[in-house]
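Chemist: This structure is in structure tokens; I'll ask about it shortly.
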Amino acid sequence: MPKGLRNLPIAFEEPGLTHFAGMALIHAFCQRLGLKRLLQQALRPAPRARDYPATDLLMALLYAVIVGLDRINATQILQYNGAFQQIVGLARFPDQTALRRFLRRLRPRHIRQLARLHDQLRQA
């Protein structure tokens, strides 16, 4: 093999690439906690959503915050990123309208239920 510098072609054109790959660790952590199951148990009765379970919407919002998206409008980038969806285990990422409707349906009792779960997780 020849020594010295070689020209290496570098391309970022594969459809399976994403700059959100670090979310695999976050997703594994959430799975280890059983966060989806804990959310299902905590939200009784869960707010109704037409196309998504309430837990998927909450997880989608959580993941959006973790990746640094500070506005619901910015979640569109996740909606069309198939690699991200595969990493976090969502069949499809909810669109902005679904997320907004879900947040509007949350009642004070739901917020209290989520706050109790949050407190339990912090104490564990």
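All of the numbers you see were taken from the coordinates with simple rules; none came from a lab. Computed from a predicted model, the values in this text were never measured in an experiment. As a convention, Cβ positions derive from the backbone with ideal geometry for all residues, glycine included, and neighbour counts pool all protein chains shown.
Chemist: If you go through the stretch 104-116 one residue at a time, how many are in contact with a helix residue (DSSP H, G or I) (Cβ under 8 Å, 6 or more places away or on another chain) and surrounded by 16 or more Cβ atoms within 10 Å (Cβ to Cβ)? Please lay out each step first, then the result.
Modeler: Applying the first criterion (in contact with a helix residue (DSSP H, G or I) (Cβ under 8 Å, 6 or more places away or on another chain)) to the stretch 104-116 yields 113-114, 116.
This time we only want the ones that are surrounded by 16 or more Cβ atoms within 10 Å (Cβ to Cβ), so: 113.
Counting residues in the stretch 104-116 that are in contact with a helix residue (DSSP H, G or I) (Cβ under 8 Å, 6 or more places away or on another chain) and surrounded by 16 or more Cβ atoms within 10 Å (Cβ to Cβ) gives 1.
Chemist: Follow-up question, since we're still on this one. Determine which single condition ARG101 fails, assuming it passes every other condition in (1) assigned to a helix (DSSP H, G or I); (2) basic (Lys, Arg); (3) loosely packed, with under 13 Cβ neighbours inside 10 Å.
Modeler: All conditions pass for ARG101, except number (3).
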